[in-house]
1. Put a dot 7 Å past each Cα toward the Cβ at residue 167 and residue 13; how far apart are the dots in nm?
2. For an R0 of 30 angstrom, estimate the FRET efficiency from the Cβ-Cβ distance between residue 287 and residue 138 and round to the nearest 0.05.
3. Could you tell me how far the Cα centroid of region 313-330 sits from the Cα centroid of region 146-210, in Å?
4. Spin-label point model (7 Å from Cα, Cβ direction): what's the residue 52 to residue 125 distance in nm?
5. Could you tell me the calculated FRET efficiency between residue 67 and residue 215, based on Cβ-Cβ distance and R0 = 25 angstrom, to the nearest 0.05?
6. Which of the peptides 182-195, 267-280, 299-312 is most tightly packed, and how do the rest follow, judged by the mean count of other Cβ atoms within 10 Å per residue?
7. Once all Cα-Cα distances of region 245-293 are split into 5 Å bins that start at 0, what whole-number percent is in each one?
8. Explain nothing, just compute: Karplus ³J(HN,Hα) = 6.51 cos²θ - 1.76 cosθ + 1.60, θ = phi - 60°, for every residue of region 259-274 in order, whole Hz, x for Gly and Pro.
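Please treat every number below as a calculation from the coordinates, not as lab data. Just so we're clear, the structure is a prediction, and the values are computed from it rather than from any experiment. Heads up, the Cβs are rebuilt from the backbone with ideal geometry, glycines too, and the neighbour counts pull from every protein chain shown.
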Amino acid sequence: MYHLIFVVKIKNNMRVCILGNGLSSLTLAKSLVNQKIYVDVLYPKKKSLVNKTRTIGISKSNVEFYNEKIINIEKIIYKLNKIEIYSDNLEKQKLINFGNNKDHLFSIVKNHKLQEILEKNLFRSKYFREINYKKKINYSKDYDLVFNTDQNSQITKKYFNKKIEKKYNSVAYTTILNHERISNNVAVQIFTKNGPLAFLPISDYETSIVYSINNHLKSEKEVNNLINTYNSKYTLKKINKINSFELHGLSLRSYFHKNILAFGDLLHRIHPLAGQGFNMTIRDIKILNDIIQKKIDLGLPLDSTLNTEFENNQKHKNYIFSTGIDLIHEFFNFERKTKNNFLSKSIKYFNKTPSISKIFTKIADKGLLF
């Protein structure tokens, strides 16, 4: 007896909407477009000016995912082989040493460069449209799903106002150092008396700075002086314009409302000390990508069941990971205030254990997915 098996490929005419047009929105849009889903990105009436001093770190596994499933970014990233962590409380002794001088560990990319390559590619796709908020839209009727990344939208104020918030009482200062050419593949983070300071190489002659300073605002001159105090590596040519923003963390209590799913920084925001904010969003996209592909393969619609499945999968992981970053911040903040170096000594001791060091490295690379 012969059995005939027919495989039916269902045409995908699903259309989704993304509120906001930042890096998280554009990365998500490219992921969806790659799955042949029609995507409308809604942007505010006035687009914000691009800050060219902002950079983001992307872990090795997330770079691999980005290259394979989103868009190839090899030409715009700068790969780092090591991350070294120091503390003022141990007189700048090295606490943690991730990686070696041979293998790719982490990458740094300029925000505006990544945004440019995403926009350029998306605007060539028939599956993508960009629409101004002025157009009246019925989100529940016009779209199968809505992804909301816009913290200022009316939808956010109406449906996503229940959250766990944390004030860090600190301001992040960002800039880029221009310096003499140097072999520059090691990122350095120093827990200073004023807060965590990160030196993040972006080329042999440029290094990004993220300095989270506690308690009160500093003038540009004061920040420059502090950077110079802790710079022991670079022969500086120029410190570019300092930009700043207030730091606070949050975790949403509910990830979705009907067919609207919160995403990106609206979903979770953490302290930049570990460079994990955008990495958390990429990990969310990985899971979302898998859930969507399964539905497409089965001929199922993209509806609110996707939101439920995503929340069930990611909410507890994101909360645990965010809490872990907050604990690191609080421990070092407490150590800074009390001038006690017990934590730093403990971390330095545990880092000497290869198995523990390997676990730290895996968490930094893959979050809680490994």
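1. 5.2
2. Numbers: r = 28 Å, r/R0 = 0.94.
Taking R0 as 30 Å, the efficiency between residue 287 and residue 138 is 0.60.
3. Here the two parts' Cα centres lie 17 Å apart.
4. 2.8
5. Details: r = 41 Å, r/R0 = 1.63.
Computed FRET efficiency for residue 67 and residue 215: 0.05.
6. On the way: 182-195: 19.1, 267-280: 23.0, 299-312: 15.9.
Answer by packing, highest mean first, reads 267-280, 182-195, 299-312.
7. Reading upward from the zero bin: 5, 18, 24, 26, 16, 8, 3, 0.
8. Per residue, the Karplus-derived 3J(HN,Hα) values read 9, 9, 10, 5, 8, x, 5, 5, 7, 7, 9, 10, 5, x, 4, 9 Hz.
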